[in-house]
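The values are calculated or read from the model by the stated rules, or taken from the named source; none is laboratory data. Predicted model only: the values in this text are computed from it and were never measured. Counting neighbours? That spans all protein chains shown, and the Cβs are built from the backbone with ideal geometry, glycine included. Surface areas here come from the heavy atoms of the whole protein model, side chains and all, with no ligands, DNA or RNA. Shrake-Rupley method; radii C 1.70, N 1.55, O 1.52, S 1.80 Å.
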Amino acid sequence: MIFTVAIDGPAAAGKGTISRAVAARFGFRHLDTGLLYRAVGAKGGDPVAAAVGLAPADLERGDLRTLEAGQAASKVAAIPEVRAALVAFQRRFARAEGGAVLDGRDIGTVICPEAEVKLYVTASAEVRAHRRWLEVGGDLSVVLAEVRERDARDMGRADAPLKAAADAVVLDTSEMSVEEAVERAIAVVQARM
Ligand code: C5P
């Protein structure tokens, strides 16, 4: 079976948790595409060369989840040649036999417009910053500023900006528990199978 679930949305909206739960529930493979951009940003040097030469070991560095790595990722993600170098791998993953969940910013719009299910998972910037702050600590106002800066860069870039696909189901998780958000996402996928 070829079946793609595309899950897009801004940072800390709950995409990762929802994607892992959906993949586990249906036995699909899961690709966190943000990790590709984080790995490119963390490699340093020429980002286009880093993207072209990206290897599985690059995704296993321990420092890819930090706020700094997120900012570096969103900077290299605005470079069209970086994005282009990562397209084929993501498309192969999405359309390989067995079902796949991909989460990111442009999965439903650019990488896999033919995805069987598209979800746009979002929440208010304040709620997302609070969630991220619970994980990383530090100063909440700094985390909120970081979330807003990354939103602006991801939504404002010319190439593959973050936006909901016209046919995406929008899930605003601001007022939802993790369990409720996961349950809703699973129901959307189940209804299309
Ligand atoms: O999802 P995550 O926070 O790990 O993504 C890090 C950054 O990578 C995002 O802020 C965004 O700029 C970029 N990204 C992207 N397209 C994707 C996934 C991530 O541009 N499909």
### Query
Got a sec to turn the phi values of the range 177-187 into Karplus ³J(HN,Hα) couplings, 6.51 cos²θ - 1.76 cosθ + 1.60 with θ = phi - 60°, whole Hz, x for Gly and Pro?
6, 4, 4, 5, 4, 5, 4, 4, 5, 4, 5
### Query
How big is the shadow of the Cα convex hull of the range 25-77, averaged over all directions, in nm²?
4.3
### Cβ crowding within 10 Å averaged over residues, with 151-163, 110-122 ranked highest first
110-122, 151-163
### Task
Could you please state how large a percent of the accessible area of the range 4-189 is carbon and sulfur, counting protein chains only and using a 1.4 Å probe?
58
### Task
With N set to the residue count of the range 65-173, report its C-alpha Rg divided by 2.2 N^0.38 Å to two decimal places.
1.14
#### Entry: Under 5 Å, built H, 5+ apart or other chain: amide partners of GLY104
ILE7, ASP8, GLY9
### Query
Just from the alpha-carbon atoms, what are the Rg and Dmax of the range 76-134 in angstroms?
14.1, 39
### Query
For the chain, what is the relative contact order in percent, using Cα pairs closer than 8 Å and at least 6 residues apart in sequence?
35
### Task
Enumerate the amide H contacts of VAL169 below 5 Å, restricted to partners 5 or more residues apart or on another chain; note that Pro and chain-start residues carry no placed amide H.
LYS118, LEU119, TYR120
### Cα-based Kirkwood hydrodynamic radius, the range 1-123, one decimal, Å
14.5
### Task
Determine, for the range 4-189, the count of lysine pairs separated by eight or more sequence positions (or lying on different chains) whose alpha-carbon distance falls under 21 Å.
6
### Query
Roughly what would the spin-label model give for ALA152 and GLN190, points 7 Å off Cα along C-beta, in nm?
4.2
### Dipole in debye (nearest 20) - the range 4-189, about Cα centre, beta carbon charges: Lys, Arg +1; Asp, Glu -1
320
